Amino acid sequence: MALVTFLSDFGDQDYYVPAVKAKMLSINPQLNIIDISHNIEAHDMEHAAFVLRSTFREFPKGTVHLVGINTVGVMTHGYIGVKLEEHIFVGPNNGILSLLADNDPGILVQFADIHLKNSTFPTRDILAPIAAKVASGAAIHDFGGPLTNFRKLMSRQAKATREHIIGHVIRIDRYGNLLTNIRRDVFDKLNPGKFKIQFGRESVDRLQTGYDEVEAGDPFVFFNSLEVLEIGINHGNGGKLLGLKQDSVIYIHFGG
Amino acid sequence: MALVTFLSDFGDQDYYVPAVKAKMLSINPQLNIIDISHNIEAHDMEHAAFVLRSTFREFPKGTVHLVGINTVGVMTHGYIGVKLEEHIFVGPNNGILSLLADNDPGILVQFADIHLKNSTFPTRDILAPIAAKVASGAAIHDFGGPLTNFRKLMSRQAKATREHIIGHVIRIDRYGNLLTNIRRDVFDKLNPGKFKIQFGRESVDRLQTGYDEVEAGDPFVFFNSLEVLEIGINHGNGGKLLGLKQDSVIYIHFGG
Amino acid sequence: MALVTFLSDFGDQDYYVPAVKAKMLSINPQLNIIDISHNIEAHDMEHAAFVLRSTFREFPKGTVHLVGINTVGVMTHGYIGVKLEEHIFVGPNNGILSLLADNDPGILVQFADIHLKNSTFPTRDILAPIAAKVASGAAIHDFGGPLTNFRKLMSRQAKATREHIIGHVIRIDRYGNLLTNIRRDVFDKLNPGKFKIQFGRESVDRLQTGYDEVEAGDPFVFFNSLEVLEIGINHGNGGKLLGLKQDSVIYIHFGG
């Protein structure tokens, strides 16, 4: 049974999500459609990209991922298919697909029929049929020609020098834990053995390996299963208690 | 793999949705159950009908649609199966199934055992088994006799004359866009080429074809993929900025 | 197609839910994964247990149920598999699996590799692979040895004597109806034919059989499809109108 994942900001009270699924199932009723999330903040491409980037590699190679966010308007720049680490993504050419990995995608297809259709619901009318057909065995090349203007967005990167790393909160999760863009490999390479991590009014000089190695109410800092720095308060809502939000600065100073 | 869609106002924090799915899967573990929505406003049959009406035709012909809203109480009038445009609907006889199309359903079955069972959870106990069996190949007739008192509700229709159309907002979606009950075919037939569309304190005399042909912050008006008039604010929340809500009046005046 | 159910408090805006599903599908792409709920209140094991306890028996025997709540921290006590009424549960040994039935589970396995892995996302890294493999035919014993310290939590039980039952509200559902821990069999055994049920400032001396046998605005009390006492207000939000919340006391006095 072929897999398609589906990510959007369509919410769960409108007809948009089931209409897209119906369109795919009308092409192949055997599809197994897995929701990534449909409660992405409306129009928030960073949120959408973060969620998909954090999960797509867990799916079997060859999985088709349908991305339905910001698919209408002048910033859309058409609809495309890309291949990245043996996964296939179908979505708008608005930059979101450039945020899924550090490397550029290998295969890029500009879908051919976008000038023929004048749809106000292109996720259903243009992207869903292609996703369903590719998941059912069709080649992504069959749906268009080479893409020449792949739109790129820059994700907010941590800045690293020998003295410090300046990173940011990129997501506060349901539990109030703060996920950052500070990667373990970068930290490990620079860390001389002594460091200070500052966030809000807190400062710590050691890392934990999980959520509860500190007293309840104290802050924890560790590299999580995404291999990025995660910060929170044991048994508390870190975002609220630390006064931090998305984009808040996390500062690491190396040395004495 | 047989398809069943499932629509309810059960929310996503209670045991109601998984219990209904479990009941269907215990009859046929091969069923592919697709959620339409379970976050319909509690008891809101217009919302539920709008979502299902806007999406059921996209599913393959023969799909069984399970409708679990307002299934208990004196207004329920029993449980029925209807066939409409080669789709099969299983739900309460409270009028919701009359709101899915302008035409009357072709086949109507009053389920036989409703007087035998005294369930306080009929979506699970009465409707789910029938939906699962019909999706697995049983005939809807097998579960009851002819329905003689099909309950009808009137959906709010736009009023149209040669001079004007008076319609209403029937749904404000997640993005704040206003979906109305003014249909493109009605508008096209009456439109002499000159018109004025009034909503809230705004008035426009031309249509767009999509969301962003106007300046950011300006209102757009176009016939959307449902072929009904949609109104919003480019890059803004139309409902809030225009001060409109569900049932707000949209007035179209034809001529000079 | 093998069934796995999945219950968590991961919410619907993060990567946690799809990552766990992806991990299972990468082991067996044929799995049919059914969501119980992911919008359980964060860390609320009573809420989670109530929802799963109320629905697992409806699934086919042999179904594997993956439970991902409070899986990290000192209270976790490792990861286990248990067999209960021919259903298999995979989750943390934090007591939640003791809340699913009055009887102790029959087979208990302590998963072997938990000391080898140092994951901050054990639902994905430890539990999901085992759930997927067991659902695909592996034996739960293959993943560890006998469990000797099965953690038990006490669910709040109603207290019953010949004179009275003192119970509590254990869940207020989406409609504002109050589900209690007062069971029909206990009530029936003690009821001499005359009783008074008190909750908030209301008192009733008879039971209904459903939601709307009282006037709109009046309270109803009946034994619902879970065979527990349910209380609400016909056409109203019982929780709000009665001023009751989770853990509020329901008092039944028997006799004259």
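Assorted remarks:
- Scanning region B:78-104 for residues that are touching a residue at least 40 places away in the same chain (Cβ under 8 Å) and farther than 19 Å from residue B:7 by Cα yields a total of 1.
Every residue, every condition in (1) buried (at least 19 other Cβ atoms within 10 Å of the Cβ); (2) at the interface with chain C (Cβ under 7 Å from one of its Cβ atoms), yes or no:
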{"site": "A:30", "(1), (2)": "no, no"}
{"site": "A:36", "(1), (2)": "yes, yes"}
{"site": "A:43", "(1), (2)": "no, no"}
{"site": "A:47", "(1), (2)": "yes, no"}
{"site": "A:51", "(1), (2)": "yes, yes"}
{"site": "A:55", "(1), (2)": "yes, yes"}
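- Residues that are β-branched (Val, Ile, Thr) and at pLDDT below 95, drawn from region C:40-78: C:71, C:72, C:74, C:76
- Among the numbered conditions (1) farther than 26 Å from residue A:170 by Cβ; (2) within 14 Å of chain C (Cβ to nearest Cβ), the only one that residue A:119 does not meet is (2).
- Annotation for region A:210-232: no member residue is surrounded by 17 or more Cβ atoms within 10 Å (Cβ to Cβ), aromatic (Phe, Trp, Tyr), farther than 30 Å from residue C:70 by Cα and more than 23 Å from the chain's Cα centre (by Cα).
- Consider region B:240-256 and keep the residues that are more than 25 Å from the chain's Cα centre (by Cα) and within 21 Å of residue B:164 (Cβ to Cβ). The one that is surrounded by the most Cβ atoms within 10 Å (Cβ to Cβ) is B:254.
- In region B:3-28, residue nearest to residue B:171 (Cα to Cα) [restricted to those that are within 10 Å of chain C (Cβ to nearest Cβ) and of a type in the set (Phe, Trp, Tyr)]: B:10
- Number of the exception - residue A:151 against (1) surrounded by fewer than 19 Cβ atoms within 10 Å (Cβ to Cβ); (2) under 15 Å from residue A:68 (Cα atoms): (2)
- Flag for residue C:237 being under 22 Å from residue C:98 (Cα atoms) and surrounded by fewer than 16 Cβ atoms within 10 Å (Cβ to Cβ): no
- Single residue of region C:244-256 satisfying the filter (small (Gly, Ala, Ser) and at pLDDT below 95) that is nearest to residue C:158 (Cα to Cα): C:255
- Restricting region B:57-76 to residues that are surrounded by fewer than 23 Cβ atoms within 10 Å (Cβ to Cβ), farther than 19 Å from residue B:109 by Cα and within 7 Å of another protein chain (Cβ to nearest Cβ), the residue that is nearest to the chain's Cα centre (by Cα) is B:58.
- Neighbours by Cβ (under 6 Å, 6+ apart or cross-chain): first from region B:42-60, closer than 14 Å to residue B:89 by Cβ and without any contact (Cβ under 8 Å) to a residue 24 or more places away in the chain; second buried (at least 17 other Cβ atoms within 10 Å of the Cβ) and of a type in the set (A, V, I, L, M, F, W, C): B:55/A:19; B:55/A:22
The values are calculated or read from the model by the stated rules, or taken from the named source; none is laboratory data. As the structure is a computational prediction, the values presented were derived from the model and not from experiment. Every residue, glycine among them, receives a Cβ derived from its backbone with ideal geometry; neighbour counts consider all protein chains shown.
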